[in-house]
Amino acid sequence: MKKIICLICLAAILISCNRSSEKSDITAGSDSAVVNTDPGNLPYKALYSSSWSDKVSDEDLRMVLMTYKDWSSGNMSRLGASMGDSVEYDMNSGRYQKLSNAGLMKMWTTSRDSLSAVTIDMHAWQKMYATDRKEGYVITWYKETDTYKNGKVDSAYYHDINQVKDGKIIWYSQYKRPALPRK
């Protein structure tokens with residue numbers, strides 16, 4: 001019986017030592033934790049960054065989420081005020097453009113004017129801050145249902161990456177998957 005109790009105690013000590021080393025990968029920051037996701041034994045090395053926190057301000061998160069509300073309500077002037085003087089845009093079609101704020105808003109206004117209604121069901125968002133590059137992003141996942149002026153209805157699932165700098169969106173990348181009927 002003593003041997004079993006000793007083995008259980010030894011196992012508990014080993015497990016607690018193991019957990020304390022796992023916790024050492026997370027270091028407390030001033031307002032969020034930085035997670036070391038590059039333990040050295042992974043099959044790939046992150047080319048962009050592997051050091052992330054959620055140290056993006058709540059105001060930047062609110063501003064990004066309001067751009068979706070502005071798009072759905074058709075408030076293009078307020079949407080434009082949230083974008084940088086120039087914006088890099090990776091479209092869901094695969095095209096890339098770097099546009100002035102005016103050029104981007106002209107393109108988006110033309111697109112929005114073809115719609116009579118837009119409904120956005122925001123599924124999730126995540127604040128991400130690349131600690132080594134000092135860049136903030138808000139990532140979103142949502143379903144958008146567009147009703148065109150001719151009556152056609154189209155919906156799709158989107159995943160967007162919004163890079164924020166000085167309270168404005170300066171890079172926007174969008175990925176799209178059509179919302180097909182489930183069988």
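The values are calculated or read from the model by the stated rules, or taken from the named source; none is laboratory data. Since the structure is predicted, the reported quantities are computational estimates derived from the model, not experimental observations. Backbone-built Cβ (ideal geometry, glycine too); neighbour counts: all protein chains shown.
Overview of results
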read-out: Positions within segment 63-87 being of a type in the set (S, T, N, Q), under 19 Å from M122 (Cα atoms) and part of a helix (DSSP H, G or I), in sequence order; value: T67, S72, S73
read-out: Residues of segment 100-116 that turn out to be part of a strand (DSSP E or B) and more than 25 Å from Y157 (Cβ to Cβ), as a count; value: 1
read-out: Of the criteria (1) farther than 18 Å from T67 by Cβ; (2) in a strand (DSSP E or B), which one T140 fails; value: (1)
read-out: Leading residue by the ranking (farthest from Q174 (Cα to Cα)) among those in segment 79-127 that are surrounded by 13 or more Cβ atoms within 10 Å (Cβ to Cβ) and among the charged types (D, E, K, R); value: K106
read-out: Subset of segment 105-127 that is in contact (Cβ under 8 Å) with a residue 40 or more places away in the chain and under 19 Å from Q163 (Cβ atoms) - its residue that is farthest from the chain's Cα centre (by Cα); value: M122
read-out: Hits in segment 62-83 (condition: closer than 18 Å to A117 by Cβ and among the polar types (S, T, N, Q)); value: T67, S72, S73, N75
read-out: Qualifying residue in segment 117-129 (condition: part of a strand (DSSP E or B), in contact with a Lys or Arg (Cβ under 9 Å, 6 or more places away or on another chain), modelled with pLDDT of 95 or more and basic (K, R)); value: yes
read-out: Count - residues of segment 32-62 that are modelled with pLDDT of 70 or more, surrounded by 15 or more Cβ atoms within 10 Å (Cβ to Cβ) and outside any loop (DSSP other than H, G, I, E, B); value: 5
read-out: Cross-chain or 6+ apart pairs with Cβ under 8 Å, segment 136-157 first and closer than 18 Å to G74 by Cβ and loosely packed, with under 14 Cβ neighbours inside 10 Å, then of a type in the set (G, A, S) and at pLDDT 95 or above; value: Y148/S114; Y148/S116; K149/S114; K149/S116
